[in-house]
1. Answer with yes or no whether residue B:102 is in contact with a strand residue (DSSP E or B) (Cβ under 9 Å, 6 or more places away or on another chain), part of a loop (DSSP other than H, G, I, E, B) and away from every other protein chain (no Cβ under 14 Å).
2. With the condition kept exactly as written, say whether any residue in the range B:98-115 is farther than 22 Å from residue B:60 by Cβ, surrounded by 15 or more Cβ atoms within 10 Å (Cβ to Cβ), of a type outside the set (D, E, K, R) and modelled with pLDDT of 95 or more.
3. With (1) surrounded by 14 or more Cβ atoms within 10 Å (Cβ to Cβ); (2) under 20 Å from residue A:101 (Cβ atoms); (3) not hydroxyl-bearing (Ser, Thr, Tyr) as the list, and residue A:53 as the residue in question, which single condition is left unmet?
4. So, of the residues in the range B:105-134 that are in contact (Cβ under 8 Å) with a residue 24 or more places away in the chain, more than 14 Å from chain A (Cβ to nearest Cβ) and part of a loop (DSSP other than H, G, I, E, B), which turns out to be nearest to residue B:11 (Cα to Cα)?
5. Filter the range A:21-50 for residues that are away from chain B (no Cβ under 14 Å) and in contact (Cβ under 8 Å) with a residue 60 or more places away in the chain; which is surrounded by the fewest Cβ atoms within 10 Å (Cβ to Cβ)?
6. For the range A:1-31, which positions are out of contact with any strand residue (DSSP E or B) (no Cβ under 7 Å at 6 or more places or on another chain), modelled with pLDDT of 95 or more and hydroxyl-bearing (Ser, Thr, Tyr)?
7. Among the residues of the range B:32-44, count how many are among the charged types (D, E, K, R), at pLDDT 95 or above and touching a helix residue (DSSP H, G or I) at 6+ places or on another chain (Cβ under 9 Å).
8. Out of the residues in the range A:135-160 that are buried (at least 17 other Cβ atoms within 10 Å of the Cβ), assigned to a helix (DSSP H, G or I) and over 19 Å from the mean Cα position of the chain (by Cα), which is nearest to the other protein chains (Cβ to nearest Cβ)?
Number of protein chains: 2
Amino acid sequence: MAQRMKLVIAYDGAPFAGWQSQLHGNTIQDRLEEALRRITGERPRVQGAGRTDTGVHALGQCAHLDLDTARFTPQQLQMALNAVLPPAIRIMRCQSVAGTFHARFAATAKVYRYRLWNGPVLPPTEFGRAWHISQPLDFALMCVAASKFVGRHDFTSFTANRGKPSRDTVRTLQVVRPHRRGHCLTIEFVGDGFLYKMVRMMAGAIVATGQGKFGLLEIAERLRPGGRRRPNMVAPAAGLFLIRVRY
Amino acid sequence: MAQRMKLVIAYDGAPFAGWQSQLHGNTIQDRLEEALRRITGERPRVQGAGRTDTGVHALGQCAHLDLDTARFTPQQLQMALNAVLPPAIRIMRCQSVAGTFHARFAATAKVYRYRLWNGPVLPPTEFGRAWHISQPLDFALMCVAASKFVGRHDFTSFTANRGKPSRDTVRTLQVVRPHRRGHCLTIEFVGDGFLYKMVRMMAGAIVATGQGKFGLLEIAERLRPGGRRRPNMVAPAAGLFLIRVRY
């Protein structure tokens, strides 16, 4: 009897070429599918909730897969996968789900966190996990800038896929919230979906506002239909974490 | 005019063979001395507050060095070192100090933190930075065990240098305090000095108590002069952080 499993996956993005399967095989999806082949003898396809780019981390990426047989309990599959996978990829949870569950199409929201280190020296423990900005940032301005993204907008100006404006580029964000604690500055993003490089471009625009490079009207202008399309500042991948997928 | 500089150094211990200079050159001290040679043309010796073993991390190791000339302000030296050193070693602070200051002999206390991850799966972000214990730990017992170390004791049973008992193995600990937050469990150690592998052996004994492998009398027995000398559990290097050196 076929069995659908849902995985919650954490990974350090640094050693991998992103989520999505590629010919060279060094992606999170490839490593998962290879581990499943070794464990089950089957060749299940792993369907993720969404792709993450090279260097982007995850604390709670989600995926589903189908096994032909019910030989494994979820706990057995989790333990077997963690025994075979590199320590940079961990299965945090595994559960049996209905055959109608779909990791990508059933997702109702995603939570991302962008991390910045705003101090003179980047501690070694933050290397590869935060964007280092040594100059002072105007945190109050960053909060105002972040609030401009909340709501339903056409995010054409905040994606690297510059197609023609269409409903495909409309997304709704519930939360865009900067938080500061000492030198560590995070920006949390909650939305129904995110376009290619959209979080990193929003983080880049919020930081540019905090640095005085963008005026406060800049973001609203870019979100306006037909607004100016000037180059964006793209925040580096190393600071981005996929925190959770909601269903 | 000669100038003595004090450095506060943070490092990720994973890629290095500990603090202390060695022939192969892949230690923190070697990297610092090499960077100083490149920057100043001089060959100053870097004197650390103490050694750390292979894999042990630091947020606030201290060291001093003498430059023959006063060509560099402390800030210039810090920036130049951070430009030349690998990102896994960072100079957090640099200041000019009196020629009588000595990083090792002037130290009055050291603060270490041992980190444990007490949950079923070790997140990728904790790999190399915590000791993974998946079985439940009795936190209350660990707190009692930790308290036994506080005060002035002969730590012969808690060092890998098993010489004859002498005053050299007597140390005074001000604080040994476990702290729990979710799956992350830390033990803070503050003392006037620590013997070789002493913190890792104390952490091992506290964890062994929390696992029920050591009775509550075990630690007191080992600290008693002439007490039993059974093998210790040595906690792995990856969980240990030198937090601060006090002067």
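1. Yes; evaluated as a whole, the condition is true for this residue.
2. no
3. Residue A:53 satisfies every listed condition except (2).
4. So the residue we want is B:107.
5. A:50
6. Correct list: A:27 only.
7. 2
8. Among them, the one singled out is A:142.
The values are calculated or read from the model by the stated rules, or taken from the named source; none is laboratory data. Please read these numbers as outputs of a predicted model, since none were measured by experiment. Heads up, the Cβs are rebuilt from the backbone with ideal geometry, glycines too, and the neighbour counts pull from every protein chain shown.
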